[in-house]
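A quick write-up on the structure given underneath.
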Amino acid sequence: MAIGVGIGAGLALLAGAALLSWRKVKIKPQFGAKIGASPIAILFREDLVVDSTDSAKFILGQGNSFGTKWAEVRDRLLDQFPLLPETPKEGENRFFSELDQETMLTLTKTGATLRLEIFTQPITAEHVFEFRRKELRNQRIEAAIETSPNPIWEMDEKGDVIWFNPAYEKICLDTGNKVGRECPFELAPLTGTAMKSSRVSLPCDDGTRRWYEVSSKPYNYGWMHFACSIDNLVDAEMAQRNFVQTLTKTFAHLPIGLAVFDRERRLVLFNPALVDLTHLPVDFLSSKPNLLSFFDHMRENRMMPEPKNYSSWREQLTNVVSAAREDRYCETWTLPSGLTYKITGRPHPDGAVAFLIEDISAEISLTRRFRSELELTQSVIDCFEDSVAVFSRLGVLTFSNSAYRAQWKCDPDSAFAEITIIDATKDWQDACDPSPIWSELREYVLTLRDRSAWTSELTLTTGETLICHVEPVVAGATMVRFSQAAISAAPGTISPVANG
């Protein structure tokens, strides 16, 4: 059965079909449909095309369209008329275009016969010019999508793929997946109207996986998906994770406690030594507490000095973090238990900060013991009536007693610089009558050869006689002792010290 149609309606179908040729670009035409204009018509019997107007070829395609199924025609019209039913109802049903509410499609079903008509207004020269402008725009958009390296595809409400670009087809072929209605990307069911984002991977034939960030946006009662390759990002995250694991294994054997806080002041890394030193539960540390909570728990466990003013405690912690970020925080904590901790703050990239907690109790104890022994030694030599001075292998004065300070008017503790054997012999020489021993004494102190003890008599400018005793001691040091002369001897002579 032949169905006549006007030339104006044919031109309208040309415009509509061209828009449908690129289904992804929604451009609302400036021309609409006026009810009563000559329609584009297709006649179906038992869901197969049996007749159509010439202008309908823009929908059905060139050549023999008889026998085309209703489902195929529906698929070609869904972009503009998304509410077309899979099975038309009896009677007349009207559907308005998504692109132009003045363009109308009617389905009239009578038994096994179905009549499809599209009504639109005649096209003017203005409409043709506007259509040509938008067609050029569509071509640019089509070229951009066709050449895009990122896969783009559309899925209907059932989850079937109904359109895709060449990049999607390529990734399907590269990963050994069939190009069809089934999507190779395993996406979670999508609901709502907001854009969704998910990270998925595709297994490849060589055993590797390709990672993509898929953004999904509702479109035409379905979803439009955009995939972006993130292989480099995943590789970087994996490398960072491996690096952190390596650091964790390394820090696990360190006796120094390590606590690293990120820029949000959350604990992101710690080692077993931190658990041992702070006595904080592992589950608490694993929960990524913030920095204030971390130090609060240390205070509650009495693993840090109790703050004198608790109201300003948190402000003090803020100052601690600021100092650590500037690499100038270092404190020594004496705990109620008697332990001594050294706390050091170090800045890290991206605003992170690390705290090192070291138990220096043994070091402090050793230092105190050494200081006590030095004080004991000093008190012992201060009891001597003779003036005593000890010079190191390098000729630096390291020990002297109170008698020496009083006799030679010398206070090494208040001296600006170190006192050497040269400085000391000048003082001695100025206070004594001329004697030939001073150069020999300086050479004796600085020599690396084996040495023997010796003595010499000196006469002070006051007329008092002294005996100078020079003896080697441990570590290449030399002790010089001045005592009152018990007997008179020839000045300037050197007498060896008798053995035995």
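Structure notes:
- Shape analysis of the stretch 148-229 based on the Cα gyration tensor places the equivalent ellipsoid semi-axes at 21, 13, 11 Å, largest first.
- Stretching the chain fully between Asp205 and Ser365 yields a gain of 51.1 nm (0.36 nm per residue, less the alpha carbon separation).
- Centroid-to-centroid separation of the stretch 344-373 and the stretch 214-251 [C-alpha atoms, Å]: 40
- Available extension along the chain between Ala71 and Ser483 is 135.9 nm, counting 0.36 nm per residue and deducting the alpha carbon span.
- Label-to-label distance, Glu443 versus Glu326, with points set 7 angstrom from Cα along the beta-carbon direction: 5.7 nm.
- In this structure, Asp450 and Ser414 have a Cβ-Cβ separation that, at R0 = 35 Å, corresponds to a calculated FRET efficiency of about 0.45.
- Sites Leu374 and Arg241 - FRET efficiency at Förster radius 60 Å, r taken between beta-carbons, to 0.05: 0.70
- Equivalent-ellipsoid semi-axes of the chain, from the Cα gyration tensor, Å, largest first: 105, 24, 20
- Over the stretch 373-496: Kirkwood hydrodynamic radius from C-alpha pairwise inverse distances, Å: 14.8
- For the stretch 257-360: rounded, prolate or oblate by the Cα gyration tensor [a/c cutoff 1.5]: rounded
- Student exercise, the chain dipole from Lys, Arg, Asp, Glu Cβ charges, in Debye to nearest 20: 2000
- FRET efficiency, Asp350 to Met195 (Cβ-Cβ, R0 25 Å, nearest 0.05): 0.30
- Cα centroid of the stretch 59-94 to Cα centroid of the stretch 150-199, whole Å: 25
- The stretch 270-333: relative contact order in percent, alpha carbon pairs under 8 Å with at least 6 residues between: 25
- Per-residue extension of 0.36 nm, minus the Cα-Cα distance of Asp54 and Glu146, leaves a gain of 30.0 nm for this segment.
A short reminder: the numbers here are calculations on the coordinates, not readings from a lab. Here the structure is a predicted model, which means the values were calculated and not measured. Methodologically, a virtual Cβ is constructed for each residue, glycine included, from the backbone with ideal geometry; neighbour enumeration extends over all protein chains shown.
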